[in-house]
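Okay, so here's the structure we're looking at.
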Amino acid sequence: MTMQKNKGRAALRIPGDSMQPFDVSQLIDVVIVATLLEWAGLALLWHRRRRGLRPAAVARMLLPGLCLMLAMRSIALGAPWYWLALLLSAAGAAHAADLKRRWHSRPGDMNGD
């Protein structure tokens, strides 16, 4: 398996595979969409049954990962370095904010609100 640059985009090619190289950014897009659908499903469940974590708490947990996926996508698309730096900084800040909120929440309160 090798990484190739394809018109400024990163692509995976598996040796002996006659198919076209797979665009890494498309795979990352699929994971981002799946993550957003997961959040929407959990939010809907919470609004209907008031079970599980509050949508805001789930969003705070997912935000750092989404920022990291966007950072990977920016690399795959050949974006300038400052996009990577911005997205990695946003992931770190979101993670720190989530930890701080959880740290100061009541014991046993999974929502962190």
Q | Over 16 Å [Cα-Cα, region 49-90], rounded percent | A | 44 percent
Q) Looking at region 25-97, which trypsin sites (Lys or Arg not before Pro) are DSSP coil and have at most 13 other C-beta atoms within 10 Å of their C-beta? A) 50, 51
(Q) One quarter of the convex hull surface, Cα atoms only: what value does that give for region 40-113 in nm²? (A) 5.4 nm²
Q) If packing is taken as the mean number of other Cβ atoms within 10 Å per residue, what is the order of 25-32, 52-59, highest first? A) 52-59, 25-32
Q) So how much slack lies between residue 48 and residue 106, counting 0.36 nm per residue of separation and subtracting their Cα-Cα distance, in nm? A) 18.4 nm
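Since every read-out is calculated from the coordinates, none of them should be taken as a lab result. For clarity, every value in this text was computed on a predicted model and none was experimentally measured. Neighbour counts run over all protein chains shown; Cβ positions are idealised from the backbone, glycine included.
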